[in-house]
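The values are calculated or read from the model by the stated rules, or taken from the named source; none is laboratory data. Owing to the predicted nature of the structure, the values given are computational and were not obtained by experimental measurement. Here Cβ is always computed from backbone atoms with ideal geometry, including for glycine, and neighbour counts include all displayed protein chains.
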Amino acid sequence: MRKQIIYQAVTAAELPFTEWLDIQTLAKVELSSEEELCPIEAAFTQGQSPGWRASQSGEQVIRLLFDDVQHIRRIQLEFQEDQWPRTQEFVLRWSSDGGLSYQEIVRQQFNFSTPDVSREREDYSVDLVALTTLELRIIPDISGGDARASLVQLRIA
(Lines give C-alpha, C1' and ligand atoms only; values in the text may rest on other atoms or scores of the structure.)
Protein backbone atom coordinates (compact mmCIF):
# COMPACT_ATOMS: atom_id res chain seq x y z
CA MET A 1 0.00 0.00 0.00
CA ARG A 2 1.27 3.47 -0.88
CA LYS A 3 0.62 6.17 1.76
CA GLN A 4 1.43 9.82 2.13
CA ILE A 5 0.73 12.09 5.09
CA ILE A 6 -0.67 15.28 3.58
CA TYR A 7 -0.83 17.54 6.60
CA GLN A 8 0.46 17.90 10.10
CA ALA A 9 -0.62 20.60 12.52
CA VAL A 10 2.42 22.36 13.97
CA THR A 11 3.15 25.55 15.83
CA ALA A 12 4.58 28.50 13.92
CA ALA A 13 7.74 28.28 16.05
CA GLU A 14 8.39 24.76 14.69
CA LEU A 15 8.38 25.90 11.07
CA PRO A 16 11.32 27.59 9.35
CA PHE A 17 11.05 31.00 7.70
CA THR A 18 8.65 30.75 4.78
CA GLU A 19 8.45 32.78 1.62
CA TRP A 20 4.72 33.08 1.04
CA LEU A 21 3.27 32.86 -2.47
CA ASP A 22 1.67 35.92 -4.05
CA ILE A 23 -1.81 34.46 -4.41
CA GLN A 24 -3.15 37.52 -6.19
CA THR A 25 -0.80 37.04 -9.16
CA LEU A 26 -0.84 33.22 -9.24
CA ALA A 27 -4.54 32.40 -8.95
CA LYS A 28 -8.07 33.37 -9.79
CA VAL A 29 -10.40 33.53 -6.78
CA GLU A 30 -14.00 32.34 -6.69
CA LEU A 31 -16.05 33.15 -3.61
CA SER A 32 -19.64 33.00 -2.48
CA SER A 33 -19.84 36.61 -1.21
CA GLU A 34 -17.84 39.52 0.15
CA GLU A 35 -18.56 42.68 2.07
CA GLU A 36 -17.63 45.74 0.04
CA LEU A 37 -15.31 47.15 2.74
CA CYS A 38 -13.65 43.77 3.40
CA PRO A 39 -12.79 42.22 0.00
CA ILE A 40 -10.97 38.92 -0.37
CA GLU A 41 -7.75 40.69 -1.44
CA ALA A 42 -7.42 41.95 2.13
CA ALA A 43 -6.92 38.37 3.37
CA PHE A 44 -3.92 37.90 1.06
CA THR A 45 -1.96 40.95 2.22
CA GLN A 46 0.56 41.20 5.03
CA GLY A 47 0.08 43.63 7.86
CA GLN A 48 -2.82 45.25 9.67
CA SER A 49 -5.81 44.45 7.50
CA PRO A 50 -9.32 43.53 8.61
CA GLY A 51 -9.22 40.72 6.04
CA TRP A 52 -12.20 39.32 4.17
CA ARG A 53 -15.77 39.25 5.44
CA ALA A 54 -18.84 37.63 3.90
CA SER A 55 -21.74 39.86 2.96
CA GLN A 56 -24.26 37.34 4.26
CA SER A 57 -24.57 34.67 6.93
CA GLY A 58 -24.36 30.95 6.22
CA GLU A 59 -21.75 28.70 4.66
CA GLN A 60 -19.16 30.48 2.53
CA VAL A 61 -16.67 29.19 -0.04
CA ILE A 62 -13.33 30.64 -1.08
CA ARG A 63 -11.72 28.78 -3.98
CA LEU A 64 -8.27 29.49 -5.41
CA LEU A 65 -7.81 28.35 -9.02
CA PHE A 66 -4.11 28.43 -9.83
CA ASP A 67 -2.86 29.34 -13.30
CA ASP A 68 -0.08 26.72 -13.02
CA VAL A 69 0.24 23.62 -10.85
CA GLN A 70 1.75 24.29 -7.43
CA HIS A 71 3.68 22.27 -4.87
CA ILE A 72 2.35 23.56 -1.54
CA ARG A 73 4.18 22.84 1.73
CA ARG A 74 2.51 25.19 4.18
CA ILE A 75 -0.94 26.72 4.69
CA GLN A 76 -1.73 29.35 7.31
CA LEU A 77 -5.25 30.55 8.16
CA GLU A 78 -6.26 33.22 10.65
CA PHE A 79 -9.83 33.90 11.72
CA GLN A 80 -11.16 36.64 13.99
CA GLU A 81 -14.57 37.33 15.52
CA ASP A 82 -15.22 40.18 17.93
CA GLN A 83 -19.02 40.21 18.04
CA TRP A 84 -20.66 36.76 18.00
CA PRO A 85 -19.84 33.95 20.45
CA ARG A 86 -20.21 30.79 18.37
CA THR A 87 -18.72 27.54 17.13
CA GLN A 88 -17.26 27.80 13.64
CA GLU A 89 -16.26 24.97 11.33
CA PHE A 90 -14.00 25.09 8.33
CA VAL A 91 -12.95 22.52 5.76
CA LEU A 92 -9.82 22.90 3.66
CA ARG A 93 -9.67 20.78 0.50
CA TRP A 94 -7.41 20.53 -2.52
CA SER A 95 -7.59 19.29 -6.08
CA SER A 96 -5.01 18.27 -8.66
CA ASP A 97 -7.51 18.05 -11.53
CA GLY A 98 -8.92 21.57 -11.69
CA GLY A 99 -11.66 20.95 -9.12
CA LEU A 100 -13.21 17.82 -10.62
CA SER A 101 -12.36 15.90 -7.45
CA TYR A 102 -11.14 17.00 -4.02
CA GLN A 103 -9.18 15.57 -1.13
CA GLU A 104 -9.81 16.89 2.35
CA ILE A 105 -6.79 18.34 4.14
CA VAL A 106 -8.44 19.25 7.42
CA ARG A 107 -11.88 19.76 8.96
CA GLN A 108 -11.92 21.64 12.23
CA GLN A 109 -14.29 23.32 14.67
CA PHE A 110 -13.37 25.93 17.26
CA ASN A 111 -15.19 28.30 19.57
CA PHE A 112 -15.19 32.07 19.56
CA SER A 113 -16.17 33.21 23.05
CA THR A 114 -15.83 36.96 22.75
CA PRO A 115 -14.19 38.92 24.23
CA ASP A 116 -11.88 36.26 25.70
CA VAL A 117 -11.23 34.19 22.57
CA SER A 118 -11.68 36.17 19.40
CA ARG A 119 -8.80 34.93 17.20
CA GLU A 120 -7.83 31.51 15.84
CA ARG A 121 -4.68 30.83 13.84
CA GLU A 122 -4.04 27.51 12.12
CA ASP A 123 -0.68 26.59 10.61
CA TYR A 124 -0.35 23.38 8.61
CA SER A 125 2.69 21.65 7.19
CA VAL A 126 1.53 19.85 4.02
CA ASP A 127 2.94 18.17 0.95
CA LEU A 128 0.47 18.85 -1.86
CA VAL A 129 2.05 18.01 -5.20
CA ALA A 130 0.46 19.21 -8.47
CA LEU A 131 -2.17 21.32 -6.71
CA THR A 132 -4.44 23.21 -9.09
CA THR A 133 -7.25 24.25 -6.73
CA LEU A 134 -7.44 25.04 -3.02
CA GLU A 135 -10.87 25.40 -1.43
CA LEU A 136 -11.85 26.76 1.98
CA ARG A 137 -15.43 26.21 3.19
CA ILE A 138 -16.48 28.10 6.31
CA ILE A 139 -19.61 27.48 8.35
CA PRO A 140 -19.49 30.53 10.61
CA ASP A 141 -22.00 29.19 13.15
CA ILE A 142 -22.74 25.47 13.21
CA SER A 143 -25.96 26.16 15.14
CA GLY A 144 -27.26 28.15 12.16
CA GLY A 145 -27.08 31.64 13.68
CA ASP A 146 -26.69 34.92 11.79
CA ALA A 147 -22.91 35.25 12.15
CA ARG A 148 -20.97 36.03 9.00
CA ALA A 149 -17.76 34.30 8.04
CA SER A 150 -14.50 36.21 8.08
CA LEU A 151 -10.87 35.44 7.33
CA VAL A 152 -8.12 37.76 8.51
CA GLN A 153 -5.39 36.01 6.55
CA LEU A 154 -4.76 33.13 4.17
CA ARG A 155 -1.13 32.41 3.27
CA ILE A 156 0.39 29.51 1.39
CA ALA A 157 3.92 28.48 0.56
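Which residues, taken from the stretch 42-85, are within 13 Å of the chain's Cα centre (by Cα) and not hydrophobic (A, V, I, L, M, F, W, C)?
Gly51, Arg53, Gln60, Arg63, Arg74, Gln76, Glu78, Gln80
Just checking, which of Asp97, Asp141, Asp127, Asp68 is touching a strand residue (DSSP E or B) at 6+ places or on another chain (Cβ under 9 Å), acidic (Asp, Glu), surrounded by fewer than 16 Cβ atoms within 10 Å (Cβ to Cβ) and more than 23 Å from Glu19 (Cα to Cα)? Full working, then the answer.
Numbers: Asp141 fails: surrounded by fewer than 16 Cβ atoms within 10 Å (Cβ to Cβ); Asp127 fails: more than 23 Å from Glu19 (Cα to Cα); Asp68 fails: more than 23 Å from Glu19 (Cα to Cα).
None of the others qualify; the one that does is Asp97.
Give all pairs with beta carbons closer than 7 Å in which a residue from the stretch 26-40 that is free of Cβ contacts under 8 Å to residues at least 60 places away in the same chain meets a residue that is assigned to a strand (DSSP E or B) and among the polar types (S, T, N, Q); count only pairs at least 6 apart in sequence or on separate chains.
Going by the 7 Å Cβ cut-off, the qualifying pairs are Ser32/Gln60; Ser33/Ser55; Ser33/Gln56; Ser33/Gln60; Glu34/Ser55.
Quick check on this structure: which one of Ser101, Ser143 is modelled with pLDDT of 95 or more and either outside any strand (DSSP E or B) or touching a Ser or Thr at 6+ places or on another chain (Cβ under 6 Å) (or both)?
Ser101
If you check Ser125 against the conditions, is it small (Gly, Ala, Ser) and farther than 25 Å from Glu35 by Cβ?
Values: small (Gly, Ala, Ser): yes; farther than 25 Å from Glu35 by Cβ: yes.
Taking the combined requirement at face value, the residue satisfies it.
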